[in-house]
Structure formats: structure tokens, C-alpha cells
Amino acid sequence: MILAYSKLSFSQVFKLYTALQQYFQNGEKKTVEDADMELASREESERKMEKEELDVSIREEEVSCSGPLSQKQAEFFLSQQASLLKNDETKALTPASLQKELNNLLKFNPDFAEAHYLSYLNNLRVQDVFSSTHSLLHYFDRLILTGAESKSNGEEGYGRSLRYAALNLAALHCRFGHYQQAELALQEAIRIAQESNDHVCLQHCLSWLYVLGQKRSDSYVLLEHSVKKAVHFGLPYLASLGIQSLVQQRAFAGKTANKLMDALKDSDLLHWKHSLSELIDISIAQKTAIWRLYGRSTMALQQAQLLLSMNSLESVNAGVQQNNTESFAVALGHLAELHAEQGCFAAASEVLKHLKERFPPNSQHAQLWMLCDQKIQFDRAMNDGKYHLADSIVTGITALNSIEGVYRKAIVLQAQNQMSEAHKLLQKLLIHCQKIRNTEMVISVLLSVAELYWRSSSPTIALPVLLQALALSKEYRLQHLASETVLNLAFAQLILGIPEQALSLLHMAIEPILADGAVLDKGRAMFLVAKCQVASAASYEPLKKAAVLEAAIENLSEAKNYFAKVDCKEQIRDVVYFQARLYHTLGKTQERNRCAMLFRQLHQDLPFHGVPLINLL
């Protein structure tokens with residue numbers, strides 16, 4: 001007790017004095033109350049005891065919250081909660097409960113620096129910028145006070161706390177998108193680190209400099225320099241993160257997949273060598289995203305499942321399953337979207353249900369599955385022709401990702417035949433995406449603009465736009481978008497009356513679509529092939545023409561099966577109309593009548609927007 005008393009600061013001694021004084025005064029009051037209690041009846045005391053037994057569970061919680069913890073108990077509580085926040089947020093206390101506990105800890109010991117830092121992490125969960133900044137500054141204030149009194153050189157401890165305080169403040173501002181403030185804080189951290197000759201801190205600063213300037217064309221130079229320096233100073237964690245960032249940047253720049261995978265293989269060797277399990281997960285999630293970006297859905301699926309299998313193999317300390325990290329959320333999100341693309345909506349909803357359990361709406365990674373869920377719902381509503389429902393979902397998408405939301409809004413306007421409004425929105429979005437170098441979205445917007453032109457009976461204007469989109473998708477090796485662009489080009493050629501060229505173009509592009517494309521794209525491709533076959537057969541001899549029409553009917557049946565998987569009723573309506581026309585040409589009355597009846601049912605159920613698709617027979 002004497003040793004513990006000697007270690008107390010002045011403010012803690014004063015608090016101990018007031019607590020003892022309060023304890024003594026309460027004891028005196030209790031003595032007087034006990035004398036009065038002897039006059040009360042036994043029945044009344046029994047009733048009070050029964051009431052106390054009923055309230056015991058509530059009171060125990062209140063006592064545990066209000067009573068002071070020992071230093072060891074407090075340190076164990078803080079380390080446990082910090083570990084849970086990092087690895088498995090659902091098992092940690094809720095933000096409100098944790099903040100209440102921390103406030104109680106700080107009430108008895110306001111100079112407890114680690115409690116302020118956990119408060120900072122807790123406020124980050126709920127995106128509270130003011131409280132998180134407040135807690136972070138308090139943490140470093142306390143750290144500087146205790147550092148100056150530590151056994152090591154006081155001046156060095158003081159300087160170290162200052163530079164890392166500035167660095168953490170920069171990271172906080174960067175997280176909330178306050179890039180100007182982040183840059184100022186980072187400059188301060190660099191200045192103090194250079195004065196102290198702290199190479200480790202300077203390496204962290206260099207990494208954050210890249211994060212702040214990654215939109216600049218020369219940012220890769222910073223990143224390469226950062227990786228070399230991190231390896232030189234023996235910082236495997238920073239070196240690996242640098243390699244991951246370099247791979248991500250080069251993926252967006254359109255480098256070949258084999259070079260990127262080789263780089264990731266080298267970083268994986270680093271992870272296994274130093275047992276950096278968290279970075280192994282990030283690496284696999286990165287591979288999933290890269291394969292998805294390049295349109296290789298089978299490889300993306302394989303990598304996502306590999307990550308899920310790895311995470312279920314071993315647990316971290318204290319029985320925490322390390323499968324509630326951001327990389328796990330990213331992989332599961334890709335898995336849900338890939339299943340939805342193939343028409344497996346039940347499987348996608350199961351994956352999303354699991355995500356909701358793992359990452360409740362108040363957790364920091366919940367936005368990832370929320371966006372996936374909204375996008376899948378939007379696509380289903382559009383496929384089903386429920387444009388009013390899709391329009392209401394756009395609001396939710398915009399709240400999570402503004403660029404994606406604006407693009408989806410333009411798609412809805414286009415589907416509702418509000419062409420001028422959709423065109424204005426797409427032009428604004430195109431300029432913005434070109435400015436921020438979001439190539440994937442630039443190509444998607446160009447495809448939508450081209451679709452606007454040919455729907456407005458101007459296919460000749462659409463051709464240069466489509467060629468621009470094709471050049472970009474080939475340059476950046478975006479196979480999925482390149483295939484979609486080829487489909488649009490073939491359709492434009494069909495409208496212009498050159499179906500033979502359209503058919504040869506389709507034969508070149510159909511393999512990657514059938515191998516890795518979404519079910520909707522497969523259906524569109526087969527539908528377009530059938531239309532090109534019919535249009536090119538117009539000048540054939542009767543026997544050859546009949547054979548080509550039979551082949552077109554088979555392709556239409558395959559397209560109809562694909563559209564049925566994703567409940568795309570409008571496309572099914574167009575397909576059965578074509579089938580009815582072809583059966584009529586071939587003289588197959590029974591099949592024609594069956595298709596005609598199905599067309600009529602669908603036509604009555606669905607609105608007709610006058611899309612110029614059924615005019616080329």
C-alpha cells in the first residue's frame with residue numbers, strides 16, 4: 001500500500017483523500033441510520049430484503065461500472081476490448097456501453113492514457129470525428145506527462161510522443177476526408193521526426209504521404225521509395241503494405257495480371273516469414289478484387305473461398321476468431337455479388353445474412369455489405385422492370401457511394417425514357433470520373449451514353465463513343481467491360497444494316513462472356529447472336545435460311561434460360577416475340593401459338609417503353 005501510495009500523482013492523492021473523507025462521513029451516517037432501523041418492524045425489513053434480491057442483477061452491474069478497478073484489472077479490460085475491436089467487433093461491448101465503462105475508469109483516474117486511446121478507437125466505430133479527435137489529443141497529452149517521468153530520457157520520450165501524436169492526427173483527418181488538415185499534421189510529424197532522426201516515424205510519414213497524394217501521377221515514386229526504405233530499416237509490416245498499395249495502383253493502371261500476382265507472391269513470402277496473419281488476409285482479399293476487376297469471376301470466386309477457408313482454421317488469442325476483419329467483409333461482399341450475377345439470389349441472400357450477423361449495422365465495416373446489398377437489390381428491381389423501386393434504392397446507394405449512386409440514377413432515368421435528364425447526369429459524371437481517374441466508371445458511363453444515342457435512333461453518333469470505351473477497356477485490361485463494349489458495337493452494326501460484320505465481331509468476343517460473364521450478359525450475347533443470324537439470313541436460299549433460323553431459335557431458347565435465371569421479364573418478352581415470328585416463318589403453328597400466348601401474358605404484365613429492338617425481321 002505504501003509503494004502504491006508513493007507512485008500516486010498529486011491529483012490522485014487528492015482524489016484518494018476526498019474518497020476517504022466521503023467514506024468516513026458515510027460511515028457516521030450509517031451508524032445513525034442503524035439506530036433508527038432498530039425501531040422498524042421485522043416485516044418491513046424482510047420486504048426490503050426480498051426487493052434487494054430481485055434487484056441484485058441490476059445493482060451488481062451498477063457496482064461493477066461505478067467501482068474503481070485496480071491497475072491490472074483496468075489494463076486487462078482495455079487490452080481485451082482493444083483486441084476485440086480489431087479482430088471481432090461483435091464480441092466487444094457496444095459503443096455506448098464501452099464509453100460508459102471508459103468514463104467510469106477516467107472518473108477515478110483521469111491520467112490513464114490507454115483509456116483515452118480506447119475511447120478514441122470506440123469513437124472511430126461510430127464515425128464521431130469530434131470525440132475521436134478529443135480522445136486522441138487527451139491520450140497523447142497524458143502520454144507526454146508520463147513519458148517525461150519515465151526511466152528513459154525524458155526529453156526523448158516527450159519528442160517521440162509529439163511526433164506520433166501529429167502522425168496519428170494526420171491519419172484521423174485522412175480517414176474522415178479532411179485532407180488539408182491531414183497534410184498540415186503530417187508536415188508537423190515529419191519536421192519533429194527529422195529533428196529527432198527517427199527513421200521509423202519518417203517511414204510511417206512517407207506511407208501516409210502516398211495515401212494523401214495517391215491521385216497524383218507521380219505517387220508511385222513515393223511508394224517505391226517507401227517500400228525500399230521499409231525493407232532497409234527492417235519494417236516488414238510497412239514494406240508489405242507498400243507492396244499491396246503498389247499492386248493496387250498498377251492494377252488500376254492496367255498492368256498484366258501475371259506481374260501483379262508475382263508481386264503479391266513475394267509479399268506473401270514476407271507475411272509467412274514474419275507470421276503477419278492479418279496481411280495474409282488482406283493479400284487474398286486484394287487478389288479477389290483484382291481478378292474481379294479484370295473480369296475473371298471464376299478466379300475471384302476461388303480466392304474468396306480460399307480466404308474463408310483460411311480464416312476458419314485457427315483462432316487468435318483469447319478464442320477470438322479472426323474472421324471479422326475488413327478483408328473478410330470484402331471477400332464475402334464479392335462472393336455475394338458473384339452469386340447474384342449468376343442468378344443464385346438465394347445463395348447471395350444467405351451470404352448477406354451471414355455478413356449482417358458478423359458485421360452489425362453499427363460496426364465500422366458494415367458499409368461494405370450495405371453497398372453490396374443495395375446494388376443487388378437495385379439490379380433485381382431493374383431486371384424485373386420495377387423502376388420506381390430501383391429509384392428508391394438509389395438514395396441508399398448514394399449515401400454509401402456518391403459516384404455509384406449518380407450512375408445508377410442515370411440508368412433509372414434512361415429506363416424511364418427521360419433521355420435528356422439522363423444525358424446531363426452522365427456528362428457531369430463523366431467529367432468528374434475523368435478528373436479523379438476512375439477508369440472503370442468512365443467506361444461504364446461511356447457505354448450508357450452510347451446506349452442513349454442508339455435508343456434515340458442515332459447509332460452513328462454512338463460508334464465513336466463505343467470505340468473510345470473499347471480502347472480504354474483494352475488498355476486497362478478490363479475484360480468484362482471490353483466484352484460489354486463489343487456487344488454494344490455489334491448491336492450498333494446490326495442497326496446500321498451490316499449484320500455479317502456484327503456476327504463476326506460477336507464470335508470473337510463471346511467466349512470470355514460465356515466463360516466469366518454475368519448471366520444477364522450471356523443472355524444478351526446469345527440474343528444478339530440470334531438477331532444477327534436472322535438478319536444475315538435474309539438473302540439466303542430457302543433451305544439454308546431455314547437451317548439458320550432453326551439455329552437462331554436454339555440460341556433464343558438459350559438466351560431465354562439465361563434471362564429466366566435473373567427474372568429479366570422484359571428481355572424474355574422480346575425473346576418469345578422473336579421466337580413466335582421465327583416459328584411463323586418456318587410454318588410451325590403450334591410452337592408459334594405457344595410463344596405468342598407467353599408474349600401476350602408478359603406484355604400485359606409489363607409496361608412497354610418502345611425500345612427499338614423488335615424491328616429487324
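The values are calculated or read from the model by the stated rules, or taken from the named source; none is laboratory data. Computed from a prediction, not measured in an experiment: that's the story for all the values here. FYI the Cβ positions are ideal-geometry reconstructions off the backbone, even for glycines, and counts take in every protein chain you see. All accessible areas refer to the heavy atoms of the entire protein, side chains included, with ligands and DNA or RNA removed. Shrake-Rupley method; radii C 1.70, N 1.55, O 1.52, S 1.80 Å.
Straight-distance candidates among the lysines for linking to K353, with alpha-carbon spacing under 16 Å and chain neighbours fewer than 8 residues away dropped: K375. Taking packing as the residue-averaged number of other Cβ atoms within 10 angstrom, the listed peptides 328-341, 78-91, 526-539 run from highest to lowest as 328-341, 526-539, 78-91.
Counting only lysines at least 8 places from K15 when in the same chain, those with an alpha carbon closer than 29 Å to its own are K7, K29, K30, K72, K100, K107, K151. Principal-axis analysis of the Cα atoms of the chain puts helix 345-358 at an angle of about 10° to the longest axis. Under 16 Å between alpha carbons, and skipping anything fewer than 8 positions from K588 in its own chain: which lysines qualify? Once the sequence-local lysines are set aside, what remains near K588 is K545. Summary value for the chain: 8 percent relative contact order, contacts being C-alpha pairs under 8 angstrom separated by 6+ residues. Among the listed pairs K544/K569; K522/K565; K356/K409, those with a Cα-Cα distance over 23 Å are K544/K569; K356/K409. Relative to the longest principal axis of the Cα atoms of the chain, the long axis of helix 219-232 makes an angle of roughly 50 degrees.
Working note: 222 nm ellipticity from helices only, DSSP H runs with n ≥ 4, each -39,500 (n - 2.57), summed and divided by the residues of the chain, gives -27000 deg cm²/dmol to the nearest 500.
Computed over region 253-403, the range of Cα coordinates on each principal axis works out to 54, 41, 27 Å, biggest value leading. Taking every alpha-carbon pair under 8 Å whose residues sit at least 6 apart, region 431-482 reaches a relative contact order of 31 percent.
Sort region 174-226 into rounded, prolate or oblate with this rule: let a ≥ b ≥ c be the square roots of the eigenvalues of the Cα gyration tensor; rounded if a/c is under 1.5, and if a/c is not under 1.5, prolate when a/b is larger than b/c, oblate otherwise. Oblate shape, in that a/c is at least 1.5 and b/c is the bigger or equal ratio. Rolling a 1.4 Å probe over the heavy atoms of the protein chains gives the chain an accessible area of 54 Å² per residue. Based on the Kirkwood approach, the hydrodynamic radius assigned to the chain is 29.3 Å, with every pair of different Cα atoms included. Can you tell me how region 438-517 classifies by the Cα gyration tensor, rounded, prolate or oblate, using a/c under 1.5 as the rounded cut? Because a/c hits 1.5 or more and a/b fails to exceed b/c, region 438-517 counts as oblate.
Think of the chain as a dipole: +1 on every Lys or Arg Cβ, -1 on every Asp or Glu Cβ, centred on the Cα centre; then among Q493, A166, A390, Q493 lies furthest on the positive end. Among 247-259, 177-189, sorting by the average number of other beta carbon atoms lying within 10 angstrom of each residue, highest first, gives 177-189, 247-259.
Taking the protein heavy atoms of the chain in the context of the full set of protein chains, the accessible area attributed to carbon and sulfur is 56 percent at 1.4 Å. Derived scalar couplings between HN and Hα for region 361-375 equal x, 8, 7, 6, 9, 5, 4, 5, 6, 4, 5, 4, 4, 5, 5 Hz in order, rounded to whole Hz, by the Karplus curve 6.51 cos²θ - 1.76 cosθ + 1.60 (θ = phi - 60°), x for Gly and Pro.
Remark: relative contact order (region 438-517) = 26 percent; criterion is Cα-Cα distance under 8 angstrom and separation of 6 or more residues. Cross-linked pairs K259/K474; K86/K228; K255/K474: Cα-Cα separations exceed 19 Å for K86/K228.
In sequence order, region 466-471 has phi-based couplings of 5, 5, 5, 5, 5, 4 Hz under the Karplus curve 6.51 cos²θ - 1.76 cosθ + 1.60, θ = phi - 60°, and Gly or Pro positions carry x. Once the Cα atoms are used to define both axes, helix 387-400 deviates from the longest principal axis of the chain by about 40 degrees.
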